[in-house]
Amino acid sequence: MTHYMSKQDPAGEYYPRIESVIDSLGHRIDGSGPVVGEVVGHQITGMILRPGDRVGFIATGTDPQDRPLRWDLMSSQNGLTLDSKVSKAGEPVQLEWSVGDGDVTESAVVALYMSAEDSTYKRFRHFDHRAYFGYVVRPPL
């Protein structure tokens, strides 16, 4: 197992990784393959949302040192943190995006950043792994 994981992720003995993320609309990102760069995966969903909609995310990550994991759901439109939670490594965490007027764009991107809580070192300076989903957010009818 150690040899397999070292081939999958040469720095895997130090840093946590995202295993999976699924949104409440059924779109899934699977992080079971090799770690290549900072993004575990992305889904440009094409789903049309409106202010007032809510999208939930369930994410799971692992950490070789069994540290708690910090999850930050962020808007790429304005850089705001939409939700933030801490979970035990290996346990699912739930985050939610409440779509607002400021999210209206034909290319809304919501990014999920994960890092080991209180760790001095991060794989990519401020975080360890990330995933993102793209949606279309249109004004209310």
Could you look at the chain and say what percent of its accessible area is carbon and sulfur, using a 1.4 Å probe and all protein chains? 52 percent
R0 = 41 Å: FRET efficiency of Thr120 with Ser24, Cβ-based, nearest 0.05? 0.75
Can you check what the net charge comes to around Glu96, using other residues whose Cβ is under 14 Å from the Cβ of Glu96 (Lys, Arg +1; Asp, Glu -1)? -3
The chain - accessible surface per residue (Å², probe 1.4 Å): 54 Å²
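The values are calculated or read from the model by the stated rules, or taken from the named source; none is laboratory data. Just so we're clear, the structure is a prediction, and the values are computed from it rather than from any experiment. Every residue, glycine as well, gets a Cβ built from its backbone with ideal geometry; the counts of neighbours run over all protein chains shown. Quick note on the areas: whole protein, heavy atoms, side chains included, nothing else; ligands and nucleic acids left out. Shrake-Rupley method; radii C 1.70, N 1.55, O 1.52, S 1.80 Å.
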